[in-house]
Amino acid sequence: MENEITSTITIESPLEGEWKFLCPPGHHPNAFDFVKTSSNHNSTHKKRIINFLFGQIDSSDYYCWGKPVLSPVNGKVIRSCDGWKDHKYTNLWKAISIWYNATYKFRPKEKNGRLDVRPNAGNHVMIETNDGHIVFLAHLKNGSTLVKEGQRVEVGEKIGVVGNSGNSTAPHLHINIFDQMEDPYKAKVLPFVFKQYETLNKNNIWEKNNSSVPVVGSFVKFGRITNKVRLCEQSEPQSEPSVGQARRRCSALL
Ligand SMILES: [Zn+2]
């Protein structure tokens, strides 16, 4: 299950394990969100839907809350913006209010000579690849960013954790790639592909995919990156496998 998008920009995944791949309404078609679901893939949180409609669900009740976010590319950090509070909970009314404010009220303000987009992007990191593309990772948890501007990062390096900051109606990770950031108002959202991932097919079997983008709405699985090697696991590991073990598992899946 993969889209027919072709792009010269190939990245690794910014996440590990199983995720649902989304492009919600209002998103640029080349911008995506990841959420994590229960093992039966029925829910993104541990509560009942009635809590969302008539009560509230804490951000920490979402399966993706606090999961590591990794650099999907080798490059240089050009933005690392933290200090924006997470939404502590979600519910229908809060979601509507966040969406309304982000759509109709929020306008980026200049701060220290550049735009402060945290009311929309929340805590975020931008990484400039060696080809000059800008990878944008948004809505990170307040206080979680681990990288500094000007610092070089490598594929698989932890840069923060999934949060619920900014224009975010529930915890998730947003990713897209801009062509440049010198003039943010003119930045284009570029297509890109993931180097490798698996998707769950109709028969509930994980299928391997390369250099493509998953179908929106599908369940995807990413291996772990350790010592710059992508480890393809059949399930969440209980203990750290050696690189040799992991390579054998990877080749078994090819
Ligand atoms: Zn998004």
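For Val77, indicate whether it is outside any strand (DSSP E or B) and either β-branched (Val, Ile, Thr) or not assigned by TED's automatic domain parsing to the domain that holds Ser38 (or both). Let's see the steps before the verdict.
Numbers: outside any strand (DSSP E or B): no; either β-branched (Val, Ile, Thr) or not assigned by TED's automatic domain parsing to the domain that holds Ser38 (or both): yes.
Spelling it out, it is not the case that Val77 is outside any strand (DSSP E or B) and either β-branched (Val, Ile, Thr) or not assigned by TED's automatic domain parsing to the domain that holds Ser38 (or both).
Give all pairs with beta carbons closer than 9 Å in which a residue from segment 119-133 that is within 19 Å of Gly83 (Cβ to Cβ) meets a residue that is at pLDDT below 95 and part of a helix (DSSP H, G or I); count only pairs at least 6 apart in sequence or on separate chains.
Pro119/Asn101; Pro119/Ala102; Pro119/Lys105; Asn120/Ala102; His124/Arg118
Could you list all residues from segment 43-52 that are assigned to a helix (DSSP H, G or I) and either surrounded by 13 or more Cβ atoms within 10 Å (Cβ to Cβ) or within 16 Å of the ligand (Cβ to nearest atom) (or both)?
Listed by number, the residues that qualify are Asn51, Phe52.
Quick check on Val213: is it of a type in the set (A, V, I, L, M), within 16 Å of the ligand (Cβ to nearest atom) and touching a Pro at 6+ places or on another chain (Cβ under 6 Å)? Give the derivation first.
Values: of a type in the set (A, V, I, L, M): yes; within 16 Å of the ligand (Cβ to nearest atom): yes; touching a Pro at 6+ places or on another chain (Cβ under 6 Å): no.
Spelling it out, it is not the case that Val213 is of a type in the set (A, V, I, L, M), within 16 Å of the ligand (Cβ to nearest atom) and touching a Pro at 6+ places or on another chain (Cβ under 6 Å).
Which one of these does Trp65 not meet: (1) at pLDDT 95 or above; (2) outside any loop (DSSP other than H, G, I, E, B)?
(2)
Based on what the data block shows, is Val117 touching a helix residue (DSSP H, G or I) at 6+ places or on another chain (Cβ under 9 Å) and among the β-branched types (Val, Ile, Thr)?
Numbers: touching a helix residue (DSSP H, G or I) at 6+ places or on another chain (Cβ under 9 Å): yes; among the β-branched types (Val, Ile, Thr): yes.
Yes.
Quick one: in segment 18-42, of everything that is assigned to a strand (DSSP E or B) and of a type outside the set (A, V, I, L, M), which residue is nearest to the ligand (Cβ to nearest atom)? Before you say what the answer is, go through the steps one by one.
Going residue by residue through segment 18-42, those that are assigned to a strand (DSSP E or B) are 18-22, 32-35.
With of a type outside the set (A, V, I, L, M) added as a condition, the list becomes 18-21, 32-34.
Values: Glu18: 19, Trp19: 13, Lys20: 13, Phe21: 11, Phe32: 7, Asp33: 4, Phe34: 9 Å.
Within segment 18-42, the match that is nearest to the ligand (Cβ to nearest atom) is Asp33.
Could you please let me know if Glu182 is part of a loop (DSSP other than H, G, I, E, B) and either under 19 Å from the mean Cα position of the chain (by Cα) or more than 16 Å from the ligand (Cβ to nearest atom) (or both)? Lay out the reasoning, then the answer.
Numbers: part of a loop (DSSP other than H, G, I, E, B): yes; either under 19 Å from the mean Cα position of the chain (by Cα) or more than 16 Å from the ligand (Cβ to nearest atom) (or both): yes.
For Glu182, the condition - part of a loop (DSSP other than H, G, I, E, B) and either under 19 Å from the mean Cα position of the chain (by Cα) or more than 16 Å from the ligand (Cβ to nearest atom) (or both) - is met.
Scan Gly17, Gly26, Gly55, Gly75 and give me the residue that is surrounded by fewer than 16 Cβ atoms within 10 Å (Cβ to Cβ), within 19 Å of the chain's Cα centre (by Cα) and of a type outside the set (S, T, N, Q). Please lay out each step first, then the result.
Values: Gly17 fails: surrounded by fewer than 16 Cβ atoms within 10 Å (Cβ to Cβ); Gly55 fails: within 19 Å of the chain's Cα centre (by Cα); Gly75 fails: surrounded by fewer than 16 Cβ atoms within 10 Å (Cβ to Cβ).
Selected residue: Gly26, the only one of Gly17, Gly26, Gly55, Gly75 that is surrounded by fewer than 16 Cβ atoms within 10 Å (Cβ to Cβ), within 19 Å of the chain's Cα centre (by Cα) and of a type outside the set (S, T, N, Q).
Of all the residues that make up segment 80-97, how many are more than 18 Å from Tyr62 (Cα to Cα) and either surrounded by 17 or more Cβ atoms within 10 Å (Cβ to Cβ) or outside the structural domain of Gly55 (by TED's automatic domain parsing) (or both)? Quick ask: steps written out before the conclusion?
So in segment 80-97, the residues more than 18 Å from Tyr62 (Cα to Cα) come out as 80-84, 96-97.
Now drop any that are not either surrounded by 17 or more Cβ atoms within 10 Å (Cβ to Cβ) or outside the structural domain of Gly55 (by TED's automatic domain parsing) (or both), which leaves 80-82, 84.
Number satisfying all stated conditions: 4.
Can you pull out the residues in segment 137-146 that are aliphatic (A, V, I, L, M) and away from the ligand (no atom under 16 Å from the Cβ)?
Just the residues of segment 137-146 that are aliphatic (A, V, I, L, M), to begin with: 137-138, 140, 146.
Once the filter is applied, which keeps residues that are aliphatic (A, V, I, L, M) and away from the ligand (no atom under 16 Å from the Cβ), segment 137-146 yields only Leu146.
Report the residue count in segment 198-213 for those that are touching a strand residue (DSSP E or B) at 6+ places or on another chain (Cβ under 7 Å) and at negative phi.
Taking segment 198-213 as the starting set, the residues that turn out to be touching a strand residue (DSSP E or B) at 6+ places or on another chain (Cβ under 7 Å) are 198-201, 206-213.
Checking which are at negative phi leaves us with 198-201, 206-210, 212-213.
Of the residues in that region, 11 qualify.
So for segment 109-118 (the condition being within 16 Å of the ligand (Cβ to nearest atom) and in contact with a strand residue (DSSP E or B) (Cβ under 8 Å, 6 or more places away or on another chain)), does at least one residue qualify?
Start the filter on segment 109-118 by keeping residues that are within 16 Å of the ligand (Cβ to nearest atom), which leaves 117-118.
Filter again for in contact with a strand residue (DSSP E or B) (Cβ under 8 Å, 6 or more places away or on another chain), leaving 117-118.
Among the residues of segment 109-118, at least one is within 16 Å of the ligand (Cβ to nearest atom) and in contact with a strand residue (DSSP E or B) (Cβ under 8 Å, 6 or more places away or on another chain), which makes the answer yes.
Out of the residues in segment 147-179 meeting the condition of being part of a loop (DSSP other than H, G, I, E, B) and in contact with a Pro (Cβ under 7 Å, 6 or more places away or on another chain), tell me which one is farthest from the ligand (Cβ to nearest atom). Lay out the reasoning, then the answer.
Residues of segment 147-179 part of a loop (DSSP other than H, G, I, E, B): 147-151, 154-157, 164, 166-171, 179.
In the following step, the residues that additionally are in contact with a Pro (Cβ under 7 Å, 6 or more places away or on another chain) were identified as 155, 164, 166.
On the way: Val155: 22, Asn164: 12, Gly166: 10 Å.
Across segment 147-179, the extreme among qualifying residues is Val155.
Residue under question is Glu182, and the condition is that it be at pLDDT below 95 and among the acidic types (Asp, Glu); does it hold?
For Glu182, the condition - at pLDDT below 95 and among the acidic types (Asp, Glu) - is met.
The values are calculated or read from the model by the stated rules, or taken from the named source; none is laboratory data. Bear in mind that the values here come from a model prediction, so they are computed numbers and not experimental data. Cβ: placed from backbone, ideal geometry, glycine included. Neighbour counts: every protein chain shown.
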